[in-house]
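Taking it in order: structure first as structure tokens, then the write-up.
The values are calculated or read from the model by the stated rules, or taken from the named source; none is laboratory data. All figures in this text were calculated on a predicted structure; none of them were measured in a lab. Glycine also receives a Cβ, built like all others from the backbone with ideal geometry; neighbour counts cover every protein chain displayed.
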Amino acid sequence: MATKKGLDQTIEEKLNSLFELQQIDSAIDKIRTVRGELPLEVEDLEAEVEGLTTRLDKLTEEKTELDTLITDRKNMIKDAKASIKKYTEQQKNVRNNREYDSISKEIEFQGLEIELSEKKINEAKAKISHKEEIIEASASRLKERTADLDLKKKELAEISAETEKDEEKLFKRSDKARKDIEDRLIRAYDRLRNNSKNGLAVVSIERDACGGCFNKIPPQRQIDIQARKKLIVCEHCGRILVEPLVEA
Ligand SMILES: [Zn+2]
């Protein structure tokens, strides 16, 4: 049957062959679309997980710095208190007012140092508690996103394994279907498919309109399409038109 490459086919048979080929090729397109989005989703999630991890590391580092600051300031307070104790003792044995005043100034200075350190500690504590909130929120988001990523990766692996087989089968069917169609029509079909974003070269009438460009088809033209006595293309987009009920 395929020896004459469809030249002996009636118009109706040609239309059926073309529509069948279109359905097979559309199925291939669909598989590619499904798989085509998943790698992007995985990529986006990977970027988000990486970003969150970096953010968490930075926040944790900042928190550690604040902890160190608190420890340092606590040590300073301890030292200052020891100094005050030492100066207070010294003050008991001064020989004149000048020495007394000088030690008083030192004590006063150490007191101010303690006040400043206490202020810094309180500030750091407030910052830490704020950071801990952000750390907690980021960590929970990271956990969520990591779970999403694992899921999507698994999905992608499954789909890839699954669709590879389906795609192969469809490719074989597409090749076989092509062999039943005359070269002239195949060339027109390929040109139309390549020029359209949705990959549709053969479309049916949908609600009195072309299923490819959705422009209205005049009633007489619809009757001609339904008669299937000649090959009719959409006057707007050039796609080959078939009646809705044609089944492959
Ligand atoms: Zn059209």
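When residues of region 121-139 are filtered for being within 14 Å of Gly51 (Cα to Cα) and among the polar types (S, T, N, Q), how many remain?
The qualifying residues number 1.
Please determine whether any residue of region 195-213 is away from the ligand (no atom under 16 Å from the Cβ) and not charged (D, E, K, R).
Checked region 195-213: no residue is away from the ligand (no atom under 16 Å from the Cβ) and not charged (D, E, K, R).
Let me spell it out: the conditions are (1) assigned to a helix (DSSP H, G or I); (2) farther than 30 Å from Lys153 by Cα; (3) touching a residue at least 60 places away in the same chain (Cβ under 8 Å), and Gln90 meets all of them except one. Which number is the exception?
All conditions pass for Gln90, except number (3).
If you go through region 129-160, how many residues are among the hydrophobic types (A, V, I, L, M, F, W, C) and either outside the structural domain of Asp67 (by TED's automatic domain parsing) or surrounded by 13 or more Cβ atoms within 10 Å (Cβ to Cβ) (or both)?
7
Taking Arg145, is it within 26 Å of Thr33 (Cα to Cα) and at pLDDT 95 or above?
Yes.
Of everything in region 222-248, what is within 11 Å of the ligand (Cβ to nearest atom) and among the basic types (Lys, Arg)? Give them in sequence order.
Correct list: Arg239 only.
Within the group Thr88, Thr60, which residue is of a type outside the set (A, V, I, L, M, F, W, C) and within 18 Å of Ala137 (Cα to Cα)?
Thr60
Looking at the structure I just gave you, is Leu192 closer than 14 Å to Phe19 by Cα, part of a helix (DSSP H, G or I) and within 12 Å of the ligand (Cβ to nearest atom)?
Criteria met by Leu192.
Ile223 versus (1) free of Cβ contacts under 8 Å to residues at least 40 places away in the same chain; (2) among the hydrophobic types (A, V, I, L, M, F, W, C); (3) surrounded by 12 or more Cβ atoms within 10 Å (Cβ to Cβ): which is the lone unmet condition?
(3)
Out of (1) surrounded by 12 or more Cβ atoms within 10 Å (Cβ to Cβ); (2) out of contact with any strand residue (DSSP E or B) (no Cβ under 6 Å at 6 or more places or on another chain); (3) touching a residue at least 12 places away in the same chain (Cβ under 8 Å), what's the single condition that is false for Asp183?
The failed condition is (1).
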